[in-house]
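In what follows, a single structure is set out as structure tokens and then discussed.
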């Protein structure tokens, strides 16, 4: 029977669409889950959404919808992005699930009945975004120690969990289980900054808002996040507060890994273990607090206007390129930096040059010199032995790094093999061996060895770049490979397939122009100046000759459809009286195609053609800003197409 491995991510808060920093965690978790499956583990991989709280209630009120409708929308968006990133979770949970809510009420009552929860009053400095109380001494420069925002005095009746009761037992557990908190620096922080100074009892109910699970024996209270959200790891796995646990729970709990961001280590290594101790349940084996993916100017923030989203990056670079970047660029314990430029540089250097070039030229030469046949290797040289030694060492090296959560280092081990294979190409010069009078027997050996290195490398890349690995298998003529297959040099197929470019080199300046042209740079979207009703200052004065340079004509929209993989652009064809032109316009959020087809509009007819998202646009429609958004300027339908507007 396979050894079990139950792993979870933190559950995403449904206040807003997740950015690429949030998305990093699910991709990281997926790479671990995929590798554990390759190792033969029976993996249960759980993720999901945290859907209660004051912040969500306020956002829903502002949007004029119910909190449930609000979280339904955001949870759907989160799941869409998790699926877009090709993640293989086994269960996507939501804390508004009625079965979870009932179990939370029973957990709360159980802890209350046994004296671990008591009713009192909370008074302190409250941070609304974090939904947390703090003492004056906990504030940093008078502001929230977690998010740095303003706090205000608040007083509230609440139930409290006796966190202090379990402090000594928790400290002993952490000290006796060095693998419990990873990396070690996080462990030292928890002990020295929180446990040793003394744990205060934890507020676990609220009365100032209603969007939460009601405390069924005291209806004015709702269960707060610490019990509601953290308990998802057991409630959905089959835990029953009355002791009638499911077979799944008995098999998979305790969790082997809670994968979380470094900012919530305290909640998972202090609050959650103490709750489990009070419930009499085993503690998770390991909590790994991963670092952040940040911009060069710091943590991603909508207020800073520096947010990047996974789906936008996928539109630009593809799923596997985005997966590769976020997994490779974040070290074991330090934050990683992301930008468009850094992504493109890494794609060019690693994915196009090292990986893509190796696969393409090896498959191409096998087709060119042997009609695609993978021939039996001949006599082995010292150079061959050296290459094979690197290939033989790669699986164990990757496994060692993965077992210690050094994900980026595991990827580096794979690229050590790929770099060595590229060097081997230069050393053996197969293009010379392939000449009519060349050593074709030696060429067969060289190409065989290269194909085997590619097969082993692609197999080890499966957890990180699953689609790319499968494309490589197709090109080199093998079926899906296992970790054990990667440990054997000599499992090549019989015939290679057609060579195809895996990753094309990116013209970085040109791509940046394209990104800016489509306003894909979030900073530009977030930093729009406020619209003023009065006459704007600083507008250049032009003469009639300048105005005459702009060709404005009546045009009719003949066809219109959304541009694939863009939620902003509509692609339409317009008749300007002389010809049909293709025009892209960023008005998808204001109009449907049916509202535009057949309309007469003002076309800027002599605008220089430009490519937006790789698609040609040959003009521009005139529109006006309004309180309701962008309004296209429609014309009298009796006007002839091509009529000049003066």
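Every number here is computed from the coordinates shown, using simple stated rules; none is lab data. Just so it is clear, the model here is predicted, and its values are computed rather than measured. Cβ placement follows ideal geometry from the backbone for every residue including glycine, while neighbour counts extend to all protein chains displayed.
Using 0.36 nm per residue and subtracting the Cα-Cα separation, the extra length available between residue 382 and residue 552 on full extension is 54.0 nm.
Here residue 474 and residue 610 are evaluated by their C-beta separation; at R0 = 45 Å the FRET efficiency comes out at 0.80. Here each label is just a point 7 Å from Cα along the line to Cβ, and for residue 582 and residue 639 those points are 2.6 nm apart.
Mean residue ellipticity at 222 nm, helices only, the chain: -11500 deg cm²/dmol; runs of at least 4 DSSP H residues each add -39,500 (n - 2.57), and the sum is divided by the number of residues. Each of residue 427 and residue 210 was given a label point 7 Å from its Cα along the Cα-to-Cβ line. The distance between the two points is 7.4 nm. Taking a ≥ b ≥ c as the square roots of the eigenvalues of the Cα gyration tensor of segment 205-268, is the shape rounded (a/c under 1.5), prolate (a/b larger than b/c) or oblate? Oblate is the answer for segment 205-268, as a/c is 1.5 or above yet b/c matches or exceeds a/b. Average projection, convex hull of the Cα set of the chain: 37.4 square nanometres.
Placing a label point 7 Å from the Cα of residue 435 along the Cα-to-Cβ direction, the residues of segment 349-387 whose backbone N falls under 18 Å of that point are 369-370. Length available on full extension from residue 109 to residue 69: 0.36 nm per residue minus the Cα-Cα distance, which gives 11.6 nm.
Percent of Cα-Cα pairs per 10 Å bin, from 0 to the last occupied bin, for segment 462-523, please list those. Pairs per bin, as whole percents: 17, 33, 22, 16, 12, 0.
If both residues of a DSSP beta bridge must be in the chain, then about 70% of such bridges are antiparallel. Taking only the C-alpha atoms of segment 86-145, the Rg (one decimal) and the largest Cα-Cα distance, Dmax (whole number), read 17.5, 47 Å. For residue 86 and residue 392, the FRET efficiency from 1/(1 + (r/R0)^6), where r spans their Cβ atoms and R0 equals 25 Å, is about 0.25. Using a/c under 1.5 as the rounded threshold, could you call segment 66-182 rounded, prolate or oblate? The axes a ≥ b ≥ c are square roots of the C-alpha gyration tensor eigenvalues, and prolate needs a/b larger than b/c, oblate otherwise. Rounded, because the longest to shortest axis ratio a/c is under 1.5. Listed from fewest to most Cβ neighbours within 10 Å, the set 431, 253 follows the order 431, 253.
Say R0 is 60 Å: what FRET efficiency, to the nearest 0.05, do residue 137 and residue 416 get from their beta-carbon distance?
Given R0 = 60 Å and the Cβ-Cβ separation, E is 0.75.
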